[in-house]
Amino acid sequence: MLSHEQNKIVSWTDKSDTYTWFSQRAWVEIDLTALSNNVLQIRKLLSPGTQLMAVVKADAYGHGSASVAQTALKSGANWLGVATVPEGIELREAGIQARILILGATYTNEQVQAIARWHLEPTLCSAKQALVFSDILEAINFDSPLQVHLKLDTGMSRLGTDWHNCAEFVQLVARLPHLQIASIYSHLATADSPDPTVMKLQHQRFESAIAILKEIGIEIPRLHLANSAGTLSDKSLHYDMVRVGLAVYGLYPSVHLRSTIDLKPVLQVKARVTHVKTIEKGVGVSYGHTFIANEQMRLAVVGIGYADGIPRNLSNKMQVLLRGVKVPQIGAITMDQIMIDISAIPDVQEGEIATILGSEGQHHITAEDWANQLNTISWEILCSFKHRLPRVNII
Ligand SMILES: *Cc1c(COP(=O)(O)O)cnc(C)c1O
């Protein structure tokens, strides 16, 4: 029995009636039970008073934001984090009422009005941006104060006012009508590194900023600093809330953090064998003939390619799982198809399902494996699967 047949499909993103799941050539499976487990595991690390924000930007790292958000909230997450206004609206349209922080910078009139209308909560990075917000809210007669989150730069050199200049910025926002400071936060640049030096420096700077604000009589609101790596590595970084992305999806930000809690990968990529054949010694495979058979061999074509999100640079390097066996991919990865060497399992039939990323029995192929092969990070691998691949939610 194929592994997926034991699972219950709870939703299916392909709206057309023409195709059933079983007729698809390739898809992404989202294990919502694993997601729920991951959220519970992360919660166990937190003090009861610390809130958990599930970061669901970029369509929940490619997992499908609405179903991930709903599952995360049911399993103990309190807040959601997105990157952009449309990502926030998508969650509201799915009926989600939890507080949603927009982690990216927003400025335009339309964005500010959409934030107000949809009860989203923006990040403000500067006094100038706070004034823009206040003016627009004044112009539209916004009656209740908008909850805003002030970003300080403690060493990432991305969004935020420099921590040592925070007094003026925070004081200004505190005095502006229409705005209420819901939190002050910063973001860690190196929390996934085994060397904690920079993370400690950022922590000290965040503490110094808080001390400055206390001194000038600012009422300290909710504070937050930690991403997944910060959350797993040091409880003193948790403050009032942690913002967790990668770990929710079941991956560790770094090898040295693997022993902390028991996470399970949520996403698997599956594709069907579409054709099988025998090729003779000396025959070349795929564009450019980068693979030549050095003996007679059995080959299968699998219906997934770089247009689905498999990085072409994995050509002749990746492996896939089929019938519980790890077999090598051969030749150049093409737009919609890959070839695999099935000499070890020569009676494989057309229509059988291969695991491109995921587990079969004792074998695993993880986003980390691909990231290592490609000299990148697992975050990028998760975000690379295209919408051309339907997402199948299973529990
Ligand atoms: C993406 C993001 C996170 C989550 O990061 P992970 O490493 O995936 O946990 C947290 N905070 C901010 C500001 C982010 O942009």
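The values are calculated or read from the model by the stated rules, or taken from the named source; none is laboratory data. No experiment lies behind these values; they were computed from the predicted model shown. So basically every Cβ, Gly included, is an ideal-geometry build from the backbone, and we count neighbours across all protein chains shown. We work out accessible area using only protein heavy atoms, side chains counted, and drop any ligands, DNA or RNA first. Shrake-Rupley method; radii C 1.70, N 1.55, O 1.52, S 1.80 Å.
General remarks:
- Any pair with Cβ under 7 angstrom, 6 or more apart, that starts in segment 360-379 at a residue that is without any contact (Cβ under 8 Å) to a residue 40 or more places away in the chain and ends at one that is among the β-branched types (Val, Ile, Thr): Ala371/Ile377; Ala371/Ile381
- The number of residues in segment 257-274 that are more than 20 Å from Ile381 (Cα to Cα) and in contact (Cβ under 8 Å) with a residue 60 or more places away in the chain comes to 6.
- Flag if Leu237 is buried (at least 22 other Cβ atoms within 10 Å of the Cβ), more than 10 Å from the ligand (Cβ to nearest atom) and of a type in the set (A, V, I, L, M): yes
- Any hit, segment 177-184, residues being within 16 Å of the ligand (Cβ to nearest atom), open to solvent by 50 Å² or more (accessible area, probe 1.4 Å) and of a type in the set (A, V, I, L, M, F, W, C): no
- Residue list for segment 209-233, restricted to those being within 14 Å of the ligand (Cβ to nearest atom), assigned to a loop (DSSP other than H, G, I, E, B) and open to solvent by 10 Å² or more (accessible area, probe 1.4 Å): Asn227
- Condition check for Asn313: surrounded by 19 or more Cβ atoms within 10 Å (Cβ to Cβ) and either closer than 16 Å to Ser378 by Cα or within 16 Å of the ligand (Cβ to nearest atom) (or both): no
- Leading residue by the ranking (surrounded by the most Cβ atoms within 10 Å (Cβ to Cβ)) among those in segment 87-113 that are within 16 Å of the ligand (Cβ to nearest atom) and in contact (Cβ under 8 Å) with a residue 24 or more places away in the chain: Gly88
- Meets criteria (open to solvent by less than 60 Å² (accessible area, probe 1.4 Å), assigned by TED's automatic domain parsing to the domain that holds Ala211, outside any strand (DSSP E or B) and within 23 Å of Ile212 (Cβ to Cβ)) for Ala116: no
- Of the residues examined, Leu52 is not one that is assigned by TED's automatic domain parsing to the domain that holds Arg222, over 25 Å from Lys264 (Cα atoms), within 16 Å of the ligand (Cβ to nearest atom) and surrounded by 22 or more Cβ atoms within 10 Å (Cβ to Cβ).
- Flag if His149 is on the phi > 0 side of the Ramachandran plot and either surrounded by 18 or more Cβ atoms within 10 Å (Cβ to Cβ) or of a type outside the set (A, V, I, L, M, F, W, C) (or both): no
- Only residues that are assigned to a strand (DSSP E or B) and exposed (fewer than 15 other Cβ atoms within 10 Å of the Cβ) were counted across segment 290-310, and they come to 1.
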